[in-house]
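Novice: Have a look at this one before I ask anything.
The values are calculated or read from the model by the stated rules, or taken from the named source; none is laboratory data. These numbers come from a predicted model, not from an experiment. All Cβ positions, glycine included, derive from the backbone under ideal geometry; neighbour counts span all protein chains shown.
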Amino acid sequence: MAAAPVLVWFRRDLRVADHTALHCAAAEGVPLAPVFVFDPSILAAKDLGVRRPAYLYACLESLAANLQSIGSLLIVRKGHPEVELPALAKEIGAKKIFYNKDVEPFSRKRDAKVDRALQSQGLEIISCDDLLIHPPGRVQRAAGGPYTVFTPYSRAWLSLPPQDPLPRPRQLSPIKGIKPAPLPPPEQVGIQPCDIPLPPAGEKAARDALRAFAAKNLRHYSERRNYPQQDATSRLSAHLRFGTLSPRTVLAEARRVRVEDPKSRREVDVFIGELIWRDFYKQILWEFPHVASGSFRPEYDRVEWENNREKFEIWCQGRTGFPIVDAAMRQLNRTGWMHNRLRMIVASFLTKDLLISWQWGERYFMEKLFDGDLAANNGGWQWAAGTGTDAQPYFRIFNPSSQAERFDPEGKFIAQYVPEADLLTYPAPMVDHAKQRIRALEMYKKARS
């Protein structure tokens, strides 16, 4: 009697190399059915926009080709996973399903529904840790419980041995009776055309980006990363967001460079710190899911934001009269990406100069970013607004003019996106930073009292 096939449910892990669920499923040595489900609940999200769905589709094209190259075919369904997956399991006679865990509140509720539906059919469910280098629950305080401050979390994280990347499966056994079928057209699964060009997507693009970063900018990371004109950051965020690259693979490459070039140790360690921040914000979201809808520190939910819609639209369009803020927002609008230093500057400006809720900015970023990730985006905005865990204190407020002088001293980045900055047609600053700083401090103090 032939062995029953297994399902592998792909979600935000669109690769074949260093993929925990796929690796474990392939070890079963039985026919394997990879599946992706277009979930209308996700596609209907208000802050989704058109960019990430289009990028997702490009990643799926890459995944389908990579699976085919090792003998398997990606099955695509559209509908609610708790309906589609049990139906597919019944159709092919599967008795097991493998998938990688997620940390987002929506995903956890969805997975619980799927698990119940599959268990009612007698399927065995194997959910794997894959999204983080050290999954939630592994980095704990000595007294027990999660860390809520980054520095001690980082020390504890670094004390744990990293898991080595898993090998790419050489060959998979396909399901008999499943006919080859191309991905359905984007419009058929609810994906609209993107409003701007897509950046490189898929597993090969991710590997190429990692190799290029390791060869060129990793060894100079701490000295160059804060200067947007140098474009010296890794540009791996979208690949990590969609899982076309594993964080374990990124860490292994960083550690390799550190061994081969001991002089680069400090630079590499600063970059590894960014991977730790990624894990930190995801474990915060796992342990404290309320951050998805409110401040980590509840007292800051009492902040009386002015939330002026007209001022918000001016910020969105990059017409504030502060060149570094406007250049950053135009970079976001035109490219779907923003340099990390600039993300901090524009977030501080929105919350502490315009006195607009960080949640408005968080939603706008999620609509425009290719790398939009709930944990990272929420963590960054709450850090800038002073409402989060390891937050920048509410009284530390970025001065956009001094930030521009420090991190774009020759004005090259500003000139790229705001060429009219030195012309009479460029608008005057929409607010007086010094006065708004005083108002912001009063606003926060009132909430804290």
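Residue by residue, here is whether (1) in contact with a Pro (Cβ under 6 Å, 6 or more places away or on another chain); (2) surrounded by fewer than 18 Cβ atoms within 10 Å (Cβ to Cβ); (3) assigned to a loop (DSSP other than H, G, I, E, B); (4) not charged (D, E, K, R) holds:
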position	(1), (2), (3), (4)
PRO393	no, yes, yes, yes
ILE397	no, no, yes, yes
GLU405	no, yes, no, no
GLN416	no, yes, no, yes
TYR426	no, yes, yes, yes
PRO429	no, yes, yes, yes
ARG437	no, yes, no, no
ALA440	no, no, no, yes
LYS445	no, yes, no, no
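Novice: Let me ask something else about it. Residue under question is ILE345, and the condition is that it be in a loop (DSSP other than H, G, I, E, B), among the β-branched types (Val, Ile, Thr), in the same structural domain as PHE398 (by TED's automatic domain parsing) and closer than 30 Å to ASP422 by Cβ; does it hold?
Specialist: Numbers: in a loop (DSSP other than H, G, I, E, B): no; among the β-branched types (Val, Ile, Thr): yes; in the same structural domain as PHE398 (by TED's automatic domain parsing): yes; closer than 30 Å to ASP422 by Cβ: yes.
In short, no.
Novice: Same structure again: I'd like the residue in segment 267-300 that is charged (D, E, K, R) and surrounded by 13 or more Cβ atoms within 10 Å (Cβ to Cβ) and, out of all such residues, is nearest to SER222 (Cα to Cα). Give the derivation first.
Specialist: Filtering segment 267-300 for residues charged (D, E, K, R) gives 267, 269, 274, 278-279, 282, 287, 297, 299.
Next, only the ones that are surrounded by 13 or more Cβ atoms within 10 Å (Cβ to Cβ) stay: 267, 269, 274, 278-279, 282, 287, 297.
Numbers: GLU267: 5, ASP269: 9, GLU274: 11, ARG278: 17, ASP279: 20, LYS282: 23, GLU287: 30, ARG297: 31 Å.
The extreme case among them is GLU267.
Novice: Oh, and also: Of the residues LEU183, LEU160, LEU198, LEU172, which is under 21 Å from ASP269 (Cβ atoms), of a type outside the set (Val, Ile, Thr) and outside the structural domain of VAL16 (by TED's automatic domain parsing)?
Specialist: Working: LEU183 fails: under 21 Å from ASP269 (Cβ atoms); LEU198 fails: under 21 Å from ASP269 (Cβ atoms); LEU172 fails: under 21 Å from ASP269 (Cβ atoms).
Step by step, each of LEU183, LEU160, LEU198, LEU172 is checked, and only LEU160 is under 21 Å from ASP269 (Cβ atoms), of a type outside the set (Val, Ile, Thr) and outside the structural domain of VAL16 (by TED's automatic domain parsing).
Novice: Answer yes or no as to whether SER62 is among the small types (Gly, Ala, Ser), closer than 23 Å to GLY372 by Cα, under 20 Å from the mean Cα position of the chain (by Cα) and modelled with pLDDT of 95 or more.
Specialist: Working: among the small types (Gly, Ala, Ser): yes; closer than 23 Å to GLY372 by Cα: yes; under 20 Å from the mean Cα position of the chain (by Cα): yes; modelled with pLDDT of 95 or more: yes.
Considered against the rule, which asks whether it is among the small types (Gly, Ala, Ser), closer than 23 Å to GLY372 by Cα, under 20 Å from the mean Cα position of the chain (by Cα) and modelled with pLDDT of 95 or more, SER62 comes out as yes.
Novice: For ALA181, only one of the following conditions fails: (1) of a type in the set (Gly, Ala, Ser); (2) within 24 Å of LEU285 (Cα to Cα); (3) modelled with pLDDT under 95. What is its number?
Specialist: Of (1) of a type in the set (Gly, Ala, Ser); (2) within 24 Å of LEU285 (Cα to Cα); (3) modelled with pLDDT under 95, only one is false for ALA181: (2).
Novice: Now a separate question. Specify which of the listed residues (GLY380, GLY372) is assigned by TED's automatic domain parsing to the domain that holds TRP358, in a helix (DSSP H, G or I) and either touching a residue at least 12 places away in the same chain (Cβ under 8 Å) or closer than 19 Å to GLN317 by Cα (or both). Please lay out each step first, then the result.
Specialist: On the way: GLY372 fails: in a helix (DSSP H, G or I).
Just one listed residue meets the conditions, GLY380.
Novice: Take the residues in segment 223-252 that are β-branched (Val, Ile, Thr) and within 15 Å of LEU14 (Cα to Cα); name whichever of them is farthest from the chain's Cα centre (by Cα). Can you show your working first?
Specialist: Looking only at segment 223-252, we keep the residues that are β-branched (Val, Ile, Thr), and these are 233, 244, 249-250.
Checking the rest, the ones that are also within 15 Å of LEU14 (Cα to Cα) come to 244, 249.
Numbers: THR244: 12, THR249: 16 Å.
Filtering first and then ranking leaves THR249.
Novice: For segment 301-317: of the residues being without any contact (Cβ under 8 Å) to a residue 40 or more places away in the chain and over 14 Å from GLN359 (Cα atoms), which is surrounded by the fewest Cβ atoms within 10 Å (Cβ to Cβ)?
Specialist: Filtering segment 301-317 for residues that are without any contact (Cβ under 8 Å) to a residue 40 or more places away in the chain and over 14 Å from GLN359 (Cα atoms), the one surrounded by the fewest Cβ atoms within 10 Å (Cβ to Cβ) comes out as GLU310.
Novice: Is it the case that VAL114 is of a type in the set (A, V, I, L, M, F, W, C), modelled with pLDDT of 95 or more and either over 29 Å from LEU285 (Cβ atoms) or surrounded by fewer than 15 Cβ atoms within 10 Å (Cβ to Cβ) (or both)?
Specialist: Values: of a type in the set (A, V, I, L, M, F, W, C): yes; modelled with pLDDT of 95 or more: yes; either over 29 Å from LEU285 (Cβ atoms) or surrounded by fewer than 15 Cβ atoms within 10 Å (Cβ to Cβ) (or both): no.
Spelling it out, it is not the case that VAL114 is of a type in the set (A, V, I, L, M, F, W, C), modelled with pLDDT of 95 or more and either over 29 Å from LEU285 (Cβ atoms) or surrounded by fewer than 15 Cβ atoms within 10 Å (Cβ to Cβ) (or both).
Novice: I would also like to ask the following. Under the condition of being closer than 26 Å to ALA17 by Cα and aromatic (Phe, Trp, Tyr), which residue from segment 88-128 is farthest from the chain's Cα centre (by Cα)?
Specialist: PHE98
Novice: Still on this structure: Which pairs do you get when a residue that is under 17 Å from ALA252 (Cα atoms), found in segment 197-226, comes within reach of a residue that is polar (S, T, N, Q), reach meaning Cβ atoms under 6 angstrom, with the pair 6+ apart or on two chains?
Specialist: The qualifying pairs are GLU203/SER62; GLU203/ASN66; GLU203/THR244; ALA206/THR244; PHE213/SER234; ARG219/SER264.
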